[in-house]
Amino acid sequence: MTSYVSLTLQERHLHKLKDRLLHQDGRERAAYLICGEVFIPSDPWNGRSHRQYLSFDILPIPEEEIVSRSSQHITWKTDSFVRALKLAQAKGMTVALIHSHPGGFATFSDQDDINEPDLVELAQNRNGETTRLLSVVLTSEGDLVGRCWVNPEEYEPLALICSIGNRIQLHYPGRGEGVPSPVFHRQSLAFGKALTQDLSILRVGLVGCGGTGSAVAMLLPKLGVRQIALFDKDVVEESNLNRLHGATWADVQEQRPKVEVIERSIAALGIGIQVKSYQAWIGDPECRDALKSCDIVFSCTDDHAGRLLLNRFAYYYLTPVFDMGLAIEVSSSDPPEIQALDGRVTTLLPECTCLLCREVINPVIARDETLKREQPDEYERRKAEAYVLGEGNPSPAVVLFTTDVAIMALEEMVHRFQGFRGEEGAVAQRVRKYHLLTDRRQGARVNEYCPVCSTDECWGRGDVEPFLDQV
């Protein structure tokens, strides 16, 4: 069984590559990309091993090293290639060679086939025999194709090249050639056929299967998503029945896991969705490979420790995370009066302000949640001595608003794929104030010392030990 190999580019890197490699003179140009690496031994949906490469930095090829170039070829000295190999080795990363085809041919030329094995041999002689080399062609139309050389005689095609940012763009063989199911015909009339095909190849993770999570889960298949991972350790309780889509009184009586209830509801749709369920906290090692396999993640959890992990995950693994929250403040009168009713969707990506800087996550509460999960006796002792925060009364929650916040998050995802809101339509944080009938785009100042979003040092690093550099 062959490996599944993919490449994810930061949008800012793709823009720089287009500026450097696509010129009006129609001649080929090239650059190096230093890439972090992700390895998944067994993809949860198909069992294949998966190697994902993530753009970390761009290294230009100096003009003085160019030997010759035309609309059909480019050759250069290998000094800068050796420097790129040295940097990649020092950081535990992989080199990708990207060159342009101004003529628009989205395929490798005979000259590419002749030249690249020599570079692979040089890379393996210098950095070791397991060293791989990526090669990517960028056409004047912006199309991308790529391959991953395993040795000078063998390569694996890149099954998917994705750029993530204000827009999420996919490049894969057969894009635009699929025949959509009649189920999605009316959606295609609004958004075109490509969106449904794009969504059908994605792996989408859902962290937290309560009110918002269950709503997202039931809508994803209706948009065309076919591979879903569910993460939640809790079972259905009586107080969940007012907003957990698909849950029944029998589920409460049998203390059925939330992930099992949602998986059952998705299966009942009968449209062939593959669901993988994990009844565990998202930070548990058993969830790790499934989380790393996801192309998109919806964060519907209400615990600060889970959000803290996903906050780092989005930047290290270049995986867009859509985080949701609902806050209802009421008076102490009887009946209570609504004082604030806010739904929030925050997109986590490189160049976006993270949840810590937006003060969505409380690190003290996250610490106490971790203590409670890992050392429950110690947590109870500190709670009795008032050293940790105890749980307060349950927060108000209404199905109308949990479901609507889920829809806001799905709208944000669809816009980033399809662009229906126009060029400036991506929103880093959107807050809907239901009681005021207003929607607001909320900016935030980045803390200059934030290790996640104030520096690009962790953006695209991929696998590191310990996981996400967490101590």
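The values are calculated or read from the model by the stated rules, or taken from the named source; none is laboratory data. Owing to the predicted nature of the structure, the values given are computational and were not obtained by experimental measurement. With ideal geometry, Cβ positions are generated from the backbone for all residues, glycine too; neighbour counts draw on all protein chains shown. Areas reflect the complete protein model, heavy atoms only, side chains present, ligands, DNA and RNA absent. Shrake-Rupley method; radii C 1.70, N 1.55, O 1.52, S 1.80 Å.
Net charge around Leu158, counting only other residues with Cβ within less than 12 Å of its Cβ (Lys, Arg = +1; Asp, Glu = -1)?
Values: positive: Arg51, Arg132, Arg147; negative: Glu156.
Local charge sum for Leu158: +2.
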(message) Between Arg167 and Glu337, what is 0.36 nm times their sequence separation minus the Cα-Cα distance? Round to one decimal in nm.
(response) 57.2 nm
(request) Would you tally the net charge around Pro363, using a Cβ to Cβ cut-off of less than 14 Å, leaving Pro363 out, and scoring K and R as +1, D and E as -1? (result) 0
(request) Express the relative contact order of the chain as a whole percentage, based on alpha carbon pairs under 8 Å and six or more residues apart in sequence. (result) 14
(message) Helix-only estimate, please: 222 nm mean residue ellipticity of the chain, summing -39500 (n - 2.57) across DSSP H runs of length 4 or more and dividing by its residues, to the nearest 500.
(response) -9500 deg cm²/dmol
(request) Indicate the gyration tensor shape class of the stretch 45-99 (rounded, prolate or oblate), computed on the Cα atoms with a ≥ b ≥ c the square roots of the eigenvalues: a/c under 1.5 is rounded; otherwise a/b larger than b/c is prolate and the rest oblate. (result) oblate
(message) Please compute, over every Cα-Cα pair in the stretch 1-69, the percentage with a separation greater than 21 angstrom.
(response) 44
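Which trypsin sites (Lys or Arg not before Pro) in the stretch 73-152 pass both tests, a DSSP loop state and at most 10 other beta-carbon atoms within 10 Å? Could you put the intermediate results ahead of the total?
Values: sites: Lys77, Arg83, Lys86, Lys91, Arg126, Arg132, Arg147; in loops: Lys77, Arg132.
Loop-located and lightly packed - none at all.
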(request) Mind giving me the nanometre distance, one decimal, between the label points for Phe420 and Arg256, set 7 Å out from Cα along Cα→Cβ? (result) 3.2
(message) Starting from 0.36 nm per residue, how many nanometres of slack lie between Ala267 and Ser200 once their C-alpha separation is accounted for?
(response) 22.5 nm
(message) Taking a ≥ b ≥ c as the square roots of the Cα gyration tensor eigenvalues, with a/c under 1.5 meaning rounded and otherwise prolate when a/b beats b/c, else oblate, which class fits the stretch 74-122?
(response) prolate
(message) Output needed: Cys residues of the chain lacking any neighbouring Cys C-beta below 4.7 Å, sorted by number.
(response) Cys35, Cys148, Cys162, Cys209, Cys287, Cys294, Cys300, Cys352, Cys357, Cys450, Cys458
(message) Given a 1.4 Å probe and heavy atoms of the protein chains only, how would you sort Ser332, Ser55, largest accessible area at the top?
(response) Ser332, Ser55
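Keeping every protein chain in place, order Tyr449, Tyr53 by accessible area at 1.4 Å, biggest value first, i.e. largest first. Let's see the in-between values first.
On the way: Tyr449 180, Tyr53 0 Å².
The ranking, largest first, comes out as Tyr449, Tyr53.
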(request) Scale the Cα Rg of the stretch 1-159 by the rule-of-thumb value 2.2 N^0.38 Å and send over the ratio, two decimals. (result) 1.00
(request) When a/c is below 1.5 the answer is rounded, else prolate if a/b is larger than b/c, else oblate, so apply that to the stretch 194-294 with a ≥ b ≥ c taken from the square roots of the Cα gyration tensor eigenvalues. (result) oblate
(request) Compute the normalised compactness of the stretch 113-153: alpha-carbon radius of gyration over 2.2 N^0.38 Å, N being the residue count. (result) 1.29
(message) Just to check I understand the Karplus step: with θ = phi - 60° and J = 6.51 cos²θ - 1.76 cosθ + 1.60, what whole-Hz values come out for the stretch 125-141, glycine and proline as x?
(response) 5, 8, 9, x, 6, 8, 5, 10, 10, 8, 9, 10, 9, 10, 8, 5, 7
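Compute the Kirkwood hydrodynamic radius of the stretch 362-471, taking the inverse of the mean of 1/r over all pairs of distinct Cα atoms, and give it in Å to one decimal.
On the way: mean 1/r = 0.0541 Å⁻¹.
So the Kirkwood estimate lands at 18.5 Å.
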(request) Sum up the charges of everything whose Cβ sits under 11 Å from the Cβ of Ala290, counting Lys and Arg as +1 and Asp and Glu as -1, but leave Ala290 out. (result) 0
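Keeping the other protein chains in place, figure out the carbon and sulfur percent of the accessible area of the chain, with a 1.4 Å probe.
Accessible surface attributable to carbon and sulfur in the chain totals 49 percent.
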(request) At 1.4 Å probe size, with every protein chain present, just tell me what the per residue accessible area of the chain comes to in Å². (result) 47
(request) Starting from the residue with the highest accessible area, list Thr2, Thr139, Thr212 in decreasing order, probe 1.4 Å. (result) Thr2, Thr212, Thr139
(message) For a Förster distance of 30 Å, can you work out the FRET efficiency between the beta-carbons of Arg440 and Asp112, rounded to the nearest 0.05?
(response) 0.05
(request) Restricting things to alpha carbons, tell me how big the chain is in terms of Rg and Dmax, in Å. (result) 23.9, 81
(message) Restricting to Cα pairs below 8 Å that are 6+ residues apart, what does the relative contact order work out to for the stretch 170-267? Please round to a whole percent.
(response) 25
(request) For the stretch 219-329, calculate the relative contact order in percent as a whole number, restricting contacts to Cα pairs under 8 Å that are 6 or more residues apart. (result) 25
